[in-house]
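Values quoted throughout were computed directly from the atomic coordinates according to the rules given, and no laboratory measurement underlies them. This structure is a prediction, so every number in the text was calculated from the model and none was measured. Cβ placement follows ideal geometry from the backbone for every residue including glycine, while neighbour counts extend to all protein chains displayed.
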Amino acid sequence: MAKLENREALNEYRKKLQSKDKKKDHKLISLCAGSGCGAYGTAKVYKTLVDELKKKKLDNKVEVKLTGCHGFCEKGPIMVIHPEGIFYPKVKEKHIPEIVEETIKNGKLVQSLIYKDPVSKKKISIEKDIPFYKLQQRIIFGNNGLIDPTSIDDYISKDGYLALEKTLFDYKPKQIIDEIKDSGLRGRGGGGFPTGIKWETCRKHKGERYVICNADEGDPGAYMDRSLLEGNPHSVIEGMIVGAIAIGSNQGYVYVRHEYPLAVKNLTIALEKARKLGILGKKILGSDFDFDIHISRGGGAFVCGESTALMASLEGSPGRPKAKYVHTVEKGFRQSPSNLNNVETWANVPVIINKGAKWYSEIGTDKSKGTKIFSLVGKVVNTGLVEVPMGTTLRTMIYDIGGGIPKKKKFKAIQTGGPSGGCIPERFIDLPVDFDELAKVGSIMGSGGMIVMDQDTCMVDVARYFVEFLKEESCGQCNPCREGLKQMLAILTGICEGRGKEGNIELLEELGAMMQKFSLCGLGTSAPNPVLTNMLYFRDEYEAHIKDKKCPAGVCKPLFHYEIDPDVCTGCGVCLRKCPQEAITGEKKKLHELHQDKCIKCGICYDACKFNSIVVK
């Protein structure tokens, strides 16, 4: 790999790679090797596939590529065969011989592996026609399924580092900043602050400026940033270099979670190859511009997602937030002007430079431009990563892309914005998702986590779970957050255990208001959100727990017990056989009896009964 000495050399290198790709007349098999599919066994599938192709003497006619996450994590390991785009989900080693013989060699589909849509019940063989993908606009995440994240050539052949070349040689810093401002890009890490304005402010302040990428993704159920770093690290690197040119920085840092080993591995490889090619380091592409990026691994503290805590940790100090009397764009890392954006924000930058601010600003809503990657998880048929234009409704996300709620149960709520977000009830299902609309109903976008909840979810227990998480993650530095979360958790735990008292709801509201007003950092000020929105929209559940000592969802064990409905029980014996405590007795085809003194409320009988004869009282 020879170092590229100028922009002409980069252009020639790109043309050579693209010309080589056009001449290829063989098939490409793309195998998802992201963390999700990897856990399902992609490595074994890959080895079996390579061996089988050699055995059939097809290895010279078929290219096998390990890629990043394809997004449809519910169906991993995923295989896509190009150029047709044939989609095979949940591929195992045992399927490989048939795939090679039928599809690769003879051009036929393996009928047993074709994806079956859970809504229409139709079989769909082409990836782009599957509803999960069809309704997305994958301008940031699309290349994840097409490139090898360890290959800089793959990235360059897809017009990678074209934005770097343009900004390095054709743009002045102000022009770059104006382009980002005109695009309407807002930070994808939480608050949605306008990216261009942040860059402009940072450039105004004197000192050694730093460009920092926040990859400390800590929201439960969220993994967008991890998957981007794992699958397309060069898009983040290129965005950071463009940002560095804009603000006048020579040093960059990626602060990444310690729990993301594959992301760190692929990012490290990408940085090394970029340096060897002359895209990072001294005199980039023969210019006078120097810039390099270093990796810093965080210890897993949720609070280090906050800017001042992150920068303290980056310096080697405890990750504790500071009061923002002075913003980090003026005095941040090492008391110098520091520009912090998250992984997804940086990945948007090359797209904006290449496609233009006007093109980008036409996607999304009036005040929220572009697309957003969401992590759609919980009680939804199709879980995974979803990239849609800002303004897409919750209904489209949950039902059209997500496939609806499993077992035809009723949708109850969706938690957006992670532990500091809010729970949005069913009546707002047609809400367009953007920064401002979510704020109107008491929630936030955050980094993009979405947890779907069905009729069997207890909202009091959900609030208790998030408060417990935040209590453990609080740095404990300020009283309102530290003591407020402790007291909130004690009250919510008491309500869930049947010890709720009159006045608990009002006390929770008072605690929440105090924390929002007086906490030091964003963790504390937003920590009451899940409790306050829950009580706003699901107050009746709190009252049922406190006044009636009942959990309507049948989740809080001290507040319910299982019974067998004598009018429905068929005496099939399934519940009797499944019960681990032998708490159910009865003869076949006769009414069974559930003995409360032996029941441990595990719910196995409830899940096993096909006739809904087990009821929660």
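Straightening the chain between Lys440 and Phe169 buys 93.2 nm, computed as 0.36 nm per residue apart minus the Cα-Cα spacing.
For the range 159-361, averaging the sequence separation of C-alpha pairs within contact (under 8 Å, six or more residues apart) and dividing by the residue count gives a relative contact order of 32 percent. As a proxy for reagent exposure, Trp359, Trp346 were ordered by neighbouring Cβ count within 10 angstrom, fewest first; the result is Trp359, Trp346.
Beta bridges per DSSP, both residues in the chain: antiparallel share near 55 percent.
A cut-off under 12 angstrom between Cβ atoms defines the neighbours of Glu8, and their net charge, with Lys, Arg +1 and Asp, Glu -1, is 0. Our compactness index for the range 433-486, the C-alpha radius of gyration over the empirical 2.2 N^0.38 Å, is 1.38. Lysines near Lys20 by alpha-carbon distance under 22 Å, same-chain residues fewer than 8 away left out - which ones? Counting by Cα, and skipping residues close in sequence, Lys20 has these lysines nearby: Lys3, Lys61, Lys65, Lys158, Lys273, Lys276. Name the shape class, rounded, prolate or oblate, that the alpha-carbon gyration tensor gives for the range 157-210, where a ≥ b ≥ c are the square roots of its eigenvalues, rounded holds for a/c under 1.5, and otherwise prolate holds if a/b is larger than b/c and oblate otherwise. Here the range 157-210 falls in the oblate category.
Here the convex hull built on the C-alpha positions of the range 561-616 has a volume of 64 cubic angstrom per residue. Estimated from helices alone, the mean residue ellipticity of the chain at 222 nm is -10500 deg cm²/dmol (sum of -39500 (n - 2.57) over DSSP H runs with n ≥ 4, per residue). How far is the Cα center of the range 203-222 from the Cα center of the range 403-418, in Å? So the separation of the two Cα centres works out to 32 Å. For the pair the range 419-489 / the range 130-195, the C-alpha centres are spaced 30 Å from each other. Taking amide H positions as modeled 1.01 Å from N, with prolines and chain starts lacking one, the residues under 5 Å from Asn342 and 5 or more places away or on another chain are Arg188, Gly189, Asn214. Which aspartates and glutamates, if any, have their Cα less than 20 Å from the Cα of Lys367, not counting same-chain residues under 8 positions apart? Lys367 reaches Asp178, Glu179, Asp182, Glu200, Glu344, Glu387, Asp430, Asp434, Asp436, Glu437. A straight Cα-to-Cα reach below 22 Å connects Lys172 with the lysines Lys181, Lys198, Lys204, Lys206, Lys282, Lys283, Lys355, Lys358, residues fewer than 8 places away in its own chain not being considered.
Each Cα pair under 8 Å and six or more residues apart adds its separation to the average, and for the range 420-525 the resulting relative contact order is 22 percent. Does anything in the range 393-408 have its amide N under 16 Å from the 7 Å Cα→Cβ label point of Asp430, and if so which residues? Once the point is set 7 Å along Cα→Cβ of Asp430, 393-400 turn out to lie under 16 Å by backbone N, inside the range 393-408. So what's the gap between the Cα centers of the range 240-289 and the range 558-606, to the nearest angstrom? Each part reduced to its Cα centre gives a spacing of 61 Å. What shape does the range 471-617 have by the C-alpha gyration tensor, where a ≥ b ≥ c are the square roots of the eigenvalues, rounded means a/c under 1.5, and otherwise prolate means a/b greater than b/c and oblate the rest? Since a/c reaches 1.5 and a/b is larger than b/c, the shape of the range 471-617 is classed as prolate.
What the phi angles of the range 264-271 give under the Karplus curve with 6.51, -1.76 and 1.60, with θ = phi - 60°, is a coupling list of 5, 4, 5, 5, 4, 4, 4, 5 Hz, glycine and proline written as x. With all pairs of separate Cα atoms included, the range 459-548 yields a Kirkwood hydrodynamic radius of 12.7 Å. Place a label point 7 angstrom from the Cα of Lys56 along the Cα-to-Cβ direction, then list the residues of the range 107-144 whose backbone nitrogen is under 12 Å away. Output list for this probe position: 107-110. What percent does the relative contact order of the chain come to when contacts are Cα pairs within less than 8 Å and at least six residues apart? Computed over the chain, the figure is 12 percent.
The modelled label-to-label distance for the pair Asp182/Thr201, using points 7 Å beyond Cα in the direction of Cβ, is 2.3 nm.
Karplus-based coupling profile of the range 5-10, in residue order and whole Hz: 8, 7, 5, 5, 5, 5, with θ = phi - 60° in 6.51 cos²θ - 1.76 cosθ + 1.60 and x standing for Gly or Pro.
The spread of Cα positions in the chain, taken along each principal axis and listed from longest to shortest, comes to 83, 68, 40 Å. Distances between placed amide hydrogens fall under 5 Å for Gly298 paired with Val256, Arg257, His258, all partners being 5 or more residues away or on another chain. Placing a pseudo-label 7 Å from each Cα along the Cα-to-Cβ vector at His595 and Glu93 gives an inter-label distance of 4.7 nm.
Against the 2.2 N^0.38 Å scaling, with N counting residues, where does the range 159-361 land? I'd like the Cα-based Rg ratio to two decimal places. That works out to 0.94 for the range 159-361.
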